[in-house]
Structure formats: C-alpha cells, structure tokens
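Just so it is clear, none of the values below were taken in a lab; they were calculated from the coordinates. Just so it is clear, the structure is predicted and the values come from calculations on it, not from any experiment. Here the Cβ is made from the backbone with ideal geometry for all residues, glycine too, and neighbour counts use every protein chain on show.
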Amino acid sequence: MKVLITGGAGFIGSHLAEKLLDRGDEVCVIDDLSTGKLSNVQHFRNHPRFHLAVETILNETVMDRLVSECDVIYHLAAAVGVELIVKSPVETIERNVLGTDVVLRLAARYLRQVLIASTSEVYGKSESVPFREEDDRVLGPTTKSRWSYSCSKAIDEFLALAYHKEKNLPTIIMRLFNTVGPRQTGRYGMVIPRLVKQALDGRPLTVYGDGQQVRCFTYVEDVVDAAIKLMDHPEAIGQVFNIGNDHGVSIAALAEKIKAMTGSGSEIHYVPYDQAYEEGFEDMRIRVPDLGKARRVIGYEPKVQLDEILERVIAHFRANQGQE
Ligand code: UDP
C-alpha cells in the first residue's frame, strides 16, 4: 500500500507515518513545516519506504502528482491549537478550508480513499455530554474567532460527506478529542505539554479560568491505531467517528497531578481567559466523546489512560530537555 499523509511531519502525522512504515507500507508525507517539524520524522527520515515533500498542500501541481501516485490519503494537514487559531484566524480558515478542498478535488480526480482528521471542536460549547456524532452543534458568534476553527473543520466535514454522496468518493471522518503524547509541543497552547514543561522548568503552572473545565485526553497511539482501522474498514466509508478517550479530568486536577508526578515545587497560577487568549474568549466547560460507534464498527478501545500518558510525556520532556 502506498499512503499519502498530509501534515505527516506534525505530531499525530509523524506517529501515523511510523506505524504505517512498521507494517510495511510505503509512506509519502507532504508538510509545509508550519507547525510540523523535521525533528518529528528524523528517526525514520532515511527509511527506504519513506518520502518527504516539504511543501504546502495548496500547491496543486505537487499535490496532483502525490495523489495520483498513492493508493489512499490520510489528510491531517491543518491549522492546530486554540492559541494559534485565536492569533491567526485568517490562516486558520484558509488553510483548513482551501487545503481540504484541494485534497478532496484531487482525490476525486484519481478516485483515492481519504480519511479526514476533524476535531471535537465541531461540537462547540454544547454541554450535553457525551457527544454523539449526530448531536447538534452549539457555537458562539462569528465575532469570537475561536469558533472559526469549529466552522472551518465543519466545512471540511460537509465537503468530505458531499464528495461521498455526490461523487461516490470513499471518504471517512474522524473527530479527534484532545490527542496527546510525545513530540506534541506546547507552543500552540496545548495544555499537557505546556504544564509538563512548566513543572519541569520550575515555573508556575498556568491554569486558565477556574480550572473546572473538563477534557478527556487520548494517547496518540490510540488515535493512530483507530485511523488505520477506519481506513481499512469498508463500513467506515461515508461515516463520521468520534475517536478519543471517555475518561474526563478537570484542568485544575490535571495540574495537581502533573505537579505530583514531576515532583515539581511550582505553584499553580490561575489565569483569566481574557489574559490567556483574548477579551471575551469562550471555552468549552466539558468535552467527552461517546465512543459507541467506533467501538461497534472497528472495535475501538483506548488503551493508554491518563497516568500512563503523563508518565510518557514527562519522560519524553526529560529526555529532550532544552529542545522545546
Ligand atoms: N489550558 C490551561 N492552561 C494552559 C493551556 C490550556 O488551563 O496553559 C486549558 C484551556 O483553556 C482548555 C484546556 O486547558 O480549557 C485544554 O486546552 P488545549 O489548548 O490543550 O485544548 P482545547 O481543549 O482547548 O482544544
């Protein structure tokens, strides 16, 4: 199998590339290194079945060749991280919507199966947990730029489902819930790498708002295994799947846990959202996936739980200190 991964030098993409190489696939990655990093793919860069194009997916000439040469596409290239999204809303909207348009148009030209990485952000600020794939979406106004991320990814989903319906293109959508693990950087706002680094550096741990917001953290390998199973399962075509972990934790409790597990003497600082992001920023109070559909169709079960996730992330930061 020859696989194309857009965003394959990113955090999730690089773990996926590694797994696919391990099972014998040929892996082509296209990544513009905007948030991806060469160091993420360094350890398999010279693998004979690995190919890397440092290029944007908006370059249709390059994408045309890559899509024509592959059997299937994992589309992971996107603007990521709430902080980045609030700071660069134009880039977020354009990258997500135009990039997915290119991928789907070319996939339809060569009839290639596509798996699109979407996000739990599409559910917005609904509090009726757990979220099921068919649930209504609850969004804030267009004046709050956070919601542009949710909408841009929802357009990606609409487009992928439309290509399936209208042009018979095999498309699959996975909605990811707070994916974490080694190689994720805290630079774009992600809470676990950020708090772990703060704890190890002996700086205050920054908890935003009252810290009572709840998230479910999924280990990256669980996500990668699910992506491969979805791609391989005929019943997944034309469908949307939540992929995550359904055990929630408040961010305040998470900070305490990280402090204890690192043995850090850091204090916990509560930072108002207005200061952390921008005035009027709206956060989700709770986000928990219903995993029933993924369990039923692909036998999905997240294997790595929070304590083990934190142990692995802490070990990774300790081994790579000074590099982030
Ligand atoms: N958060 C925090 N401190 C940080 C970074 C994030 O308290 O230094 C909070 C953030 O406001 C959110 C949660 O942690 O409520 C998860 O944030 P992240 O950016 O990792 O993912 P999100 O759930 O926002 O997509």
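Each Lys and Arg Cβ is given +1 and each Asp and Glu Cβ -1; about its Cα centre, the chain then shows a dipole of about 340 debye.
Qualifying GluC sites (Glu not before Pro) in segment 174-279, where qualification requires a DSSP coil assignment and no more than 12 other C-beta atoms within 10 Å, comprise Glu267, Glu279.
For Val29, the residues whose modelled amide H falls within less than 5 Å of its own, excluding neighbours fewer than 5 places apart on the same chain, are Ile5, His51, Leu52, Ala53. Here the sum of -39500 (n - 2.57) over DSSP H runs of 4 or more residues, divided by the residues of the chain, equals -13000 deg cm²/dmol at 222 nm, to the nearest 500.
Charged neighbours of Ser68, selected by a Cβ distance under 14 Å, balance to +1 (K, R count +1; D, E count -1). An oblate overall shape is assigned to segment 221-284, the ratio a/c of its alpha-carbon gyration tensor axes (a ≥ b ≥ c) being 1.5 or greater and a/b not exceeding b/c.
Taking Lys125 as the anchor, which lysines have their alpha carbon closer than 18 Å to its alpha carbon, excluding any fewer than eight residues away along the same chain? Here the lysines satisfying the reach criterion relative to Lys125 are Lys144, Lys153.
Positive end of the dipole of segment 144-211 (Cβ unit charges, origin at the Cα centre): among Ser150, Thr179, Leu205, the Cα lying farthest that way belongs to Leu205. Against the chain, whose longest principal axis comes from its Cα atoms, helix 146-167 is set at around 20 degrees.
Residue exposure proxy: Arg312, Arg203, Arg112, ordered by other Cβ atoms within 10 angstrom of their Cβ from fewest to most, comes out as Arg203, Arg312, Arg112. With a cut-off of 17 Å on the backbone N, the residues of segment 181-195 near the modelled label site 7 Å out from Ala253 along Cα-Cβ are 192. For the chain, the longest principal axis of the Cα atoms and the long axis of helix 191-201 meet at an angle of about 50 degrees.
The distance between label points at Leu58 and Lys2 comes to 2.8 nm (points 7 Å beyond Cα on the Cα→Cβ vector). Under the combined filter of DSSP loop state and at most 13 neighbouring Cβ atoms within 10 Å, segment 1-110 retains these trypsin sites (Lys or Arg not before Pro): Arg23, Arg45. For segment 222-258, backbone nitrogen atoms closer than 20 Å to the point 7 Å from Asn168 Cα along Cα-to-C-beta are found at 233-239.
Once you reduce segment 146-174 and segment 214-284 to the center of their Cα atoms, the two points are 22 Å from each other.
Full extension of the segment from Glu311 to Asp22, taken as 0.36 nm per residue of separation minus the current Cα-Cα distance, would add 101.6 nm.
What's the center-to-center distance, using Cα atoms, between segment 285-324 and segment 1-75 in Å? Result: 22 Å between the Cα centres. Sorted on the mean count of surrounding Cβ atoms within 10 Å across their residues, most packed first, peptides 238-247, 207-216 read 238-247, 207-216.
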